[in-house]
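Below: the structure, in structure tokens.
The values are calculated or read from the model by the stated rules, or taken from the named source; none is laboratory data. Bear in mind that the values here come from a model prediction, so they are computed numbers and not experimental data. Using ideal geometry, Cβ is built from the backbone for each residue, glycine included, and neighbour counts are taken over all protein chains shown. What goes into the accessible areas is simple: the full protein's heavy atoms, side chains included, and nothing from ligands, DNA or RNA. Shrake-Rupley method; radii C 1.70, N 1.55, O 1.52, S 1.80 Å.
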Amino acid sequence: MARPRKPLLSTDRIVETARDLVDREGLAAVSTRRLAAELGVSGPSLYNHFRTKDEILEAVADSVSALVDLSMFEDGRAWRTALHDWAVSYRTALRAHPNIVPVLARGPGRRPAALRVADAAYGAMVDAGWPPAQATSIGALMRYFIMGSALGSFAGGFVDDASAYDPADYPHLGQAHLLAEQQEKIDERAFETGLTALLDGLAQQYELIRQDA
């Protein structure tokens, strides 16, 4: 009986396996030796696709950027609606793969998918009438806000032990031990509150720009 063939090693397979490993165990778990073991291949065979661990992590980061929906910048949505919908999609992608966010936070570098994200957002803002310098600032502040929201959970940072919040020391945290069990709801509400406030502020600036034009 013929022995079953191992799946061919490919760039996509390496990236998918590395992303799964980062999701499960974090950035520190990734090494060429560990990846080779996960893939069932010899270590040197990875070098036909990636020269270094950093190149692999860059590719993993770009695979997450590729999950961000950009259609809102192409289908005629108003700039504010487009920014809102893009922010939600962006955060959803990052929340699904939070351990890779520190790599993404370095900026797009030469990563193609990340550059397409930046290009789409910037282009849409300029097309909507924002001056180029302010369109650049909008892209930056949106990235700060979205990535910050994906790095951790506010509600999840509190323990579910009421004794940790002695009223004598923390008179306003009497219900803090209940936050963890409401983590998803609180974090989603906080994100929408912040996003609305951010977009409200941009809308005011936009009206001023239009008046001066």
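Of all residues in segment 54-72, at least one satisfies being under 23 Å from residue 103 (Cα atoms), without any contact (Cβ under 8 Å) to a residue 12 or more places away in the chain and outside the structural domain of residue 99 (by the TED database). In a residue-by-residue description of segment 166-177, the property of being without any contact (Cβ under 8 Å) to a residue 60 or more places away in the chain, small (Gly, Ala, Ser) and touching a helix residue (DSSP H, G or I) at 6+ places or on another chain (Cβ under 7 Å) applies to no position.
Test residue 16 against the criterion of being assigned to a helix (DSSP H, G or I), surrounded by fewer than 16 Cβ atoms within 10 Å (Cβ to Cβ), of a type in the set (Asp, Glu) and at pLDDT below 95, and give yes or no. It would help to see each step written out before you state the result.
Values: assigned to a helix (DSSP H, G or I): yes; surrounded by fewer than 16 Cβ atoms within 10 Å (Cβ to Cβ): yes; of a type in the set (Asp, Glu): yes; at pLDDT below 95: no.
No.
Yes or no, residue by residue, for (1) at pLDDT below 95; (2) within 17 Å of the chain's Cα centre (by Cα); (3) in the same structural domain as residue 57 (by the TED database):
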{"position": "86", "(1), (2), (3)": "no, yes, no"}
{"position": "91", "(1), (2), (3)": "no, yes, no"}
{"position": "117", "(1), (2), (3)": "no, yes, no"}
{"position": "122", "(1), (2), (3)": "no, no, no"}
{"position": "150", "(1), (2), (3)": "yes, yes, no"}
{"position": "154", "(1), (2), (3)": "yes, yes, no"}
{"position": "171", "(1), (2), (3)": "no, no, no"}
{"position": "185", "(1), (2), (3)": "yes, no, no"}
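Return the residues of segment 36-56 that are crowded, with 20+ Cβ neighbours inside 10 Å and within 25 Å of the chain's Cα centre (by Cα); say none if nothing qualifies. Once the filter is applied, which keeps residues that are crowded, with 20+ Cβ neighbours inside 10 Å and within 25 Å of the chain's Cα centre (by Cα), segment 36-56 yields only 56. Candidates in segment 85-126 are the residues that are of a type in the set (Gly, Ala, Ser) and more than 15 Å from residue 64 (Cα to Cα); of these, the one that is surrounded by the most Cβ atoms within 10 Å (Cβ to Cβ) is 121. For segment 128-144, the tally of residues that are touching a residue at least 24 places away in the same chain (Cβ under 8 Å) and surrounded by fewer than 18 Cβ atoms within 10 Å (Cβ to Cβ) stands at 5.
Could you pull out the residue among 161, 200, 212, 169 that is open to solvent by 40 Å² or more (accessible area, probe 1.4 Å) and under 17 Å from residue 86 (Cα atoms)? Don't jump to the end; show me each part of the working.
Values: 161 fails: under 17 Å from residue 86 (Cα atoms); 212 fails: under 17 Å from residue 86 (Cα atoms); 169 fails: under 17 Å from residue 86 (Cα atoms).
Matching residue, one of 161, 200, 212, 169: 200.
Could you list all residues from segment 58-84 that are of a type in the set (A, V, I, L, M, F, W, C) and open to solvent by less than 40 Å² (accessible area, probe 1.4 Å)? Break it down into steps so the answer makes sense when it comes.
Within segment 58-84, the first condition is being of a type in the set (A, V, I, L, M, F, W, C), and the residues that meet it are 59-61, 64, 66-68, 70, 72-73, 78-79, 82-83.
The answer is 59, 60, 61, 64, 68, 70, 72, 73, 79, 82, 83.
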